[in-house]
Amino acid sequence: MNTHLESEILLELQKITRLLSLIATKGESQKQQITLLDSVGFPPKEIAELLGTTANTVMVLLVGIRKTSKKNKK
């Protein structure tokens, strides 16, 4: 495959992934959306882009979610 075609395919796959992620989390609270997207491996920067917020907001929420999760496991 040529490099240009591979790049185009990769861009289209990324668009599809973003769209499916938004559909899968539609109607959920921002916190739930972030939790779901994080659980399937999206980095904070990508989550922020998908949800129209900042990476800092995502990271702060994730820290809070993880702290709560640790407390609940004890």
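Within the range 48-74, the residues that satisfy the criterion of being open to solvent by less than 70 Å² (accessible area, probe 1.4 Å), modelled with pLDDT of 95 or more and β-branched (V, I, T) are T53, T57, V58.
Within the range 1-39, the residues that satisfy the criterion of being in contact (Cβ under 8 Å) with a residue 12 or more places away in the chain and open to solvent by 100 Å² or more (accessible area, probe 1.4 Å) are R18, K31.
The values are calculated or read from the model by the stated rules, or taken from the named source; none is laboratory data. These figures come from a predicted structure and were not determined experimentally. Neighbour counts are summed over all protein chains in view; Cβ atoms, including those assigned to glycine, are modelled from backbone coordinates with ideal geometry. Just the protein is used for accessible areas: all its heavy atoms, side chains included, with ligands, DNA and RNA removed. Shrake-Rupley method; radii C 1.70, N 1.55, O 1.52, S 1.80 Å.
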